[in-house]
Every structure is written in C-alpha cells, then in structure tokens.
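Here is the structure we will look at, set down as structure tokens.
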Amino acid sequence: MYFLKKGFALIFGSILLSLGVNLFLVPHEILDGGTVGIGLILNYIWDLNTGLIIIILSIPIFIFAWFHNRNYFYNNLHGMLISSFLIDFLKPVGGLLEVEAIYSSILGGILVGSGIGLMLKFHTSTGGTDFIAQFLCDKTGINVGIYILIIDAFVIICGGLLLTSETFLLSILTILFVGITTSYITR
C-alpha cells in the first residue's frame, strides 16, 4: 500500500510542480529556486527545455547520492525524471490562464511547494537541490523547507542579475510561498 501511495505522491506532486511552473511562472518569466530556477533562467535566456536542463544539472548530485546513500539515489531518480519530463511535456499549457503577475507568483509558489512537499513527505523528490535539502534535513533535523528556502534564495539572487527588478521581486515572493507550502506539507 505504501508503494502505491508513494507512486501517487510522485506523479501527482510532479503534475502540481509542472502546472505551477508552466501556468504561473513561465508566462511572467518568474523564477523558482534550485535546479528548476536555473532551468528557467536558461529557458528565458536561450529558450532551452527546462526539464532537460534539470536532468543535466542533477547528474553530479545523483553521482554523489550513488556513492553516499543509494536509497536517496533510487528514491529521487524517479521524481527527477518524471517531474522534468512533465515540465517539458506540459509547456503548452503556459498560455491557458491570464493571471496578474503577483497572483501568478503566489499561485505558482503554492503549486510548486505543494508538489515538492507531497513528494518529500514520501521520501522522494525532484532531485537536484531538493535532494540536497532532503539530505541535509535528515542529517540535521532542520525542516527541509528552510533548506529549500535558503538554496532558492541563492538562485533567485543570481538570476536577479539577469532579470528586471519586477521579476526579481516576484521570484522572491514565489520562493517564499514554495518554502512555506513545503514546510507546511512536510511537517
């Protein structure tokens, strides 16, 4: 039964994450943090596939996981592949909703945070920096959402150098809602 719940969390969490990115963040060029945020930066600048970038950026992290904790490797590989695939697969839904930028950043943050939180609750994730946050949480006992917030803030600051001040501020709002939602779900 746990396996079925975990599979559901993996798929549903990946769908929530992908919808949050494509419906709310991409139309206003808002960033998320972590590998998704880096993938979005490269998407906005060079029109590269966000999901493919996430996979490429996750390779060193998965190599680390292979040598240090194979359980993490196996639990997160599926989440990273499915969520990355769905981010690129659901890219066409990006123009379906007309939502003001500030509400998009909030709703996108809630959906992304819900997807990440749901996956983390069942010890799986999108890999990337979510995996690092989960690993640190297990080692220190500090809530995974706090680690995600710190890592995401770093990505937003770096991305802010390439974006407008409006996009930068909306991205900060987004990662706040991602962190809060993730923390709430993973309690």
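Only the coordinates and a few stated rules stand behind these numbers; no lab work does. Bear in mind that the values here come from a model prediction, so they are computed numbers and not experimental data. Every residue, glycine among them, receives a Cβ derived from its backbone with ideal geometry; neighbour counts consider all protein chains shown.
General remarks:
- In this rough spin-label picture, where each label sits 7 Å from Cα along the Cβ direction, the LYS5-ASP47 distance is 4.6 nm.
- Candidate values [x] 10.1; [y] 9.5; [z] 11.2 were compared with mean projected area of the Cα convex hull in nm² computed on the shown model; the agreeing label is [y].
- Axis of helix 50-68 versus longest Cα principal axis of the chain: the two differ by about 30°, to the nearest ten degrees.
- Local net charge near LYS121, Cβ-Cβ under 10 Å (Lys/Arg +1, Asp/Glu -1): +3
- Near-label residues of region 56-81 by backbone N, under 16 Å of a point 7 Å along Cα→Cβ of ASP138: 61-80
- Relative to the longest principal axis of the Cα atoms of the chain, helix 101-121 runs at roughly 10 degrees.
- Length released on extending from HIS123 to LEU162, taking residue separation times 0.36 nm less the Cα-Cα span: 10.7 nm
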